[in-house]
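Only one structure is covered here, and it is reproduced in the block below.
Taken together, the values in this text are just the output of simple stated rules run on the coordinates, not laboratory data. Given the structure is predicted, the values throughout are model-derived calculations rather than measurements. As a convention, Cβ positions derive from the backbone with ideal geometry for all residues, glycine included, and neighbour counts pool all protein chains shown.
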Amino acid sequence: MTSPTGPKIIVFGNEKGGSGKSTAAVQVAIGLLRQGRSVATLDLDARQGTLTRYLDHRAAHKGLPMPARGAIAQSRLSDSGEAAKAEAEALDAALAEFAGAEFVIVDTPGSDTKLNRLAHAKADTLVTPINDSFIDFDLLARVDPATRRVLGPSVYAELVWERRKERALAGGAPIDWIVMRNRLGHSEARNRREMGEAIDELAKRIGFRVAPGFGERVIFRELFLTGLTLFDLGAAVDGPPLAMSHIAGRQEARALIDLILAPPVHVRRQGRQAG
Ligand SMILES: Nc1ncnc2c1ncn2[C@@H]1O[C@H](COP(=O)(O)OP(=O)(O)OP(=O)(O)O)[C@@H](O)[C@H]1O
Ligand SMILES: [Mg+2]
């Protein structure tokens, strides 16, 4: 199935490493595939290559749906201008190659690089997973340690703000930004509640939607080597048997996909229709 308006580009980004970008990206990619959508994936963290390797493991199974795949490594050119140009060209070429897909899922590294900034500017939807910790929240906003009130946006929120401005100036549709709490249940109840309040407050101030998020589930770690996702369990003959916690995890991943597919009204009106 192809889209007449070009793919919806879904970027998984957060400058904080290890927040669950690759984990969420692969669940969303395969979840959409399993809905019969055409999906391409682009790994911009080619050095680490988590998404690439995950899908390599997946390719070993017979009969599983596979997305089209691409990866871009950071340029090794010594001249920073030349390197940036080469990366921009590689990104445009990859996106052009996937022009017939409905969705391009872009996994990015947990660091601020030129390529990462470029990818953020291409996002129709930006999904930012954040571990349930004020250490991770610190990259989004500064918080008053005494009151836990949000004082103002911090480095990553400012990076997104800049990309949103660039897109607006270029006449692009606004980026639909979704912040997703990850590994819920890992922290104690008070921290969870305070994080929830801080995220909700920040969401209103800087404009993002809050996804219900993923629980702390061993299965998210275990699936990497199998190349399977929660959407394959029960369907793949050689995968682990389906357990209750897997069904709960699948519902969490499905809720994220549903949120991505239902952008807020202002994005829907100016941007592309979701599938
Ligand atoms: N909901 C979860 N439950 C349990 N483990 C999780 C969950 N989400 C992520 N993990 C684990 O946390 C680690 C980091 O996740 P992941 O690699 O997806 O993060 P990332 O943001 O892509 O990291 P990087 O910035 O290094 O690319 C991995 O070991 C992953 O299996
Ligand atoms: Mg990653």
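The charge dipole of the chain, taken about the Cα centre with unit charges on the Cβ atoms of Lys, Arg (+1) and Asp, Glu (-1), comes to about 540 debye, rounded to the nearest 20. In the P(r) worked out for the range 8-274, what percent of Cα pairs fall beyond 31 Å? Considering the range 8-274, 24 percent of its Cα-Cα pairs are separated by more than 31 Å. Shown for the range 8-274: lysine pairs separated by 8 or more places, or found on different chains, whose C-alpha atoms are under 24 Å apart, numbering 21. For the range 1-45, would you read off the P(r) tail past 11 Å as a percentage of all alpha carbon pairs? It works out to 70 percent of all Cα pairs. Relative contact order, whole percent, for the chain stands at 24, derived from Cα pairs under 8 Å and 6 or more residues apart.
Going from the residue with the fewest nearby Cβ atoms within 10 Å to the one with the most, M66, M244, M180, M195 rank M244, M66, M195, M180.
For the range 67-192, the alpha carbon positions stretch 48, 33, 31 Å along the principal axes, listed from largest to smallest. The alpha carbon radius of gyration of the range 5-132, expressed as a multiple of 2.2 N^0.38 Å, is 1.01. Among G185, G100, G249, the largest mean-square fluctuation in a Gaussian network model of the chain, built with springs joining Cα atoms closer than 10 Å, belongs to G185.
Could you pull out the GluC sites (Glu not before Pro) across the range 100-200 that fall in loop regions by DSSP (anything but H, G, I, E, B) with no more than 16 other Cβ atoms inside 10 Å? Kindly include the intermediate steps, with their values, before the conclusion.
Values: sites: E102, E158, E162, E166, E188, E194, E197; in loops: E102, E188.
Counting only loop positions with at most 16 other Cβ atoms within 10 Å, the GluC sites (Glu not before Pro) in the range 100-200 are E188.
Most simply put, the chain has about 10% antiparallel DSSP beta bridges, counting only bridges with both residues inside it.
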